[in-house]
Amino acid sequence: MLMRSNRFTLAVCILCLGIWCCGQAYNTEEAAPMEKAEQAALYSAIQGFVGNWWNGSDLYPDPCGWTPIQGVSCDIVGGLWYITALSIGPFYENSLACATNVEFRPQLFQLKHLKSLSFFNCFVSLRHPITIPGDKWEKLAGSLQSIEFRSNPGLIGQVPTSFGYLKKLQSLVLLENGLTGQVPTNIGNLTNLNRLVLAGNRFTGRIPDSFGRLKKLLILDLSRNSLSGHLPLGLGGLASLLKFDLSNNQLKGKLFARNAYLKNLTLLDVRNNKFSGGLNQPILDMHSLEELMLSCNPLGGDIMRLDWQSLQSLVVLDLSNVGLKGEIPESLSGLKRLRYLGLGNNNLAGNPPAKLAFLPDLNGLYLNGNNLTGVLKFSEIFYWKMGKRFGAWNNPELCYPIGSMTTRNGPYGVKPCQRGVTLLDPNSGAKLGDGNLNNNSHFVASLGFSSNGIDGLRQLILVDTSITVLLLNLFL
């Protein structure tokens, strides 16, 4: 009995000690002062962006106390508060707004524990543009892990090469600014980067070969610039890459060499470039791809030669305006997760596979601007469900069977087939014409069929003759 009492007493003491320690820690954190030089540096840096009118007088007892600044985060180091994150611009409703005339004051680089620095919609004046300082970044090399400049049209000039000193940097985002010049080669020295976004600027020149050393990259977005030249071979070895966006540049050559190994890639977007050389095998080896967007490149090649079954994760496939030829492969209907299929403005021929209509999640199918022929074999329900998200216009030899369907429910921009064509069994495999139509070829073409077979036309005449005989027997 005495032993149980002692154990109970010991447990109560331990519980009380834990509560006291937590309270002490809470009180220590609450009462911790901010290092004076740190506070002065922060105030001066903020004034450089918002104006000298701001003095932090409404903050108690300091920026890390009970009334902190929105966009400023702190942490205790050695019993004192230090700034670890600084976000300038309208990130939040009560964030400090930037002034028209802004400046990077040297005190910004005195925040020796700063891990994250962000500027959003702060440098907007084209009459008072500003550049990123070219020096002093090495002073933050021991702590800085993230830099972001987003939506700053008044931020001009080149990316400072001194960014190459920031070896702890994990995220570098320069998105939708007015930056120009070539991308610094020494960004390839930032081997801890997992996100590199340089989109929406005016960068020119080639993609540095040094980017092939960024083995930890998860996101690489160089879109919406004026980059040119061939892709560095080393990019094909970024095995950790999840999202790769090069769209809207002037890049050329083949997409990837045969040794490309991007097994984890989920998004590849290279729209609106000058890539050529066809669709090669490395793309089909990217089994994790969910979005493959290659439109508006002179790639060329035969779409039938590719084994699309290897890309079972595809949700978006955009191959419009890439110079493809051949017939649309039925294997595309095996991509059960597909929601968008764009094959418009190519040189595709033949009849579209009817099985495409049975893709369970399909929301957009565009076959417009090709050389497709024959009768569309999709159901009226399919046309009703898709509406204008099914595009087959600008295929002069393509038509749809009327049957019980009104022209209002027919596919947009596609002509109805002439009367009598619907008597053909869509599954019979019969074709109109055998390549020797002579003077009847223009008649067959007007029905929306190619002139490469006559058997179907003979069947049509035979059916009409049978009906005539049947009617005569009824009246005689």
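The table for this structure:
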item	result
Environment charge at GLU138 (Cβ cut-off 15 Å; Lys +1, Arg +1, Asp -1, Glu -1)	+4
Extension reserve of the GLU103-ARG337 stretch, reckoned as 0.36 nm per residue once the Cα distance is removed	79.2 nm
Cα-based Rg of region 111-416 normalised by 2.2 N^0.38 Å, two decimals	1.18
Exposure ranking of ASP269, ASP221 by accessible area [1.4 Å probe, largest first]	ASP221, ASP269
Cα-based Kirkwood hydrodynamic radius, region 91-153, one decimal, Å	13.0
Rounded to 5, percent antiparallel among DSSP beta bridges of region 60-168	35
Values of log10 I(q)/I(0), in the order q = 0.12, 0.18 Å⁻¹, for region 33-110 under a Debye, Cα-only, solvent-free model	-0.30, -0.70
Whichever aspartates and glutamates have a C-alpha closer than 15 Å to that of LYS274, once near sequence neighbours (fewer than 8 apart) are set aside	ASP245
Förster radius 60 Å - calculated FRET efficiency between SER95 and LYS385 (Cβ-Cβ, nearest 0.05)	0.85
In order through region 98-109: 3J(HN,Hα) via Karplus (6.51 cos²θ - 1.76 cosθ + 1.60), integer Hz, x for Gly, Pro	7, 7, 6, 9, 10, 8, 8, 7, x, 5, 4, 8
³J(HN,Hα) computed for each position of region 286-292 - Karplus, 6.51 cos²θ - 1.76 cosθ + 1.60, integer Hz, glycine/proline x	8, 5, 8, 4, 10, 10, 10
Cα-based Rg of region 268-308 normalised by 2.2 N^0.38 Å, two decimals	1.13
Extension reserve of the ILE76-ALA141 stretch, reckoned as 0.36 nm per residue once the Cα distance is removed	21.4 nm
Rounded Å value of the spacing that divides the Cα centres of region 194-215 and region 232-249	9
For region 330-358 versus region 146-179, the gap between their alpha-carbon centres in whole angstrom	41
Cβ-defined net charge surrounding VAL322, 15 Å radius [Lys, Arg +1; Asp, Glu -1]	+3
Under 5 Å, built H, 5+ apart or other chain: amide partners of GLU327	MET304, ALA349
J(HN,Hα) series, region 367-381, from Karplus relation 6.51 cos²θ - 1.76 cosθ + 1.60, nearest Hz, glycine and proline x	10, 5, x, 10, 10, 5, 9, x, 9, 5, 10, 7, 7, 5, 4
Over 20 Å between alpha carbons, listed pairs LYS167/LYS252; LYS167/LYS216; LYS139/LYS168	LYS167/LYS252
Residue-count net charge about GLY200 - beta-carbon cut-off 12 Å; Lys, Arg +1, Asp, Glu -1	0
Per-pair calculated FRET efficiency, R0 = 41 Å: ARG202 and ALA37 via Cβ, rounded to 0.05	0.60
Enclosed volume per residue, in Å³, of the convex hull spanned by Cα atoms of region 118-219	86
Dipole moment magnitude, nearest 20 debye, region 33-110 about Cα centre, only Lys, Arg, Asp, Glu C-beta charged	140
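The values are calculated or read from the model by the stated rules, or taken from the named source; none is laboratory data. Quick caveat, the model's predicted, so the values are computed rather than measured. With ideal geometry, Cβ positions are generated from the backbone for all residues, glycine too; neighbour counts draw on all protein chains shown. These area figures cover heavy atoms from the full protein model, side chains too; ligands, DNA and RNA do not enter into them. Shrake-Rupley method; radii C 1.70, N 1.55, O 1.52, S 1.80 Å.
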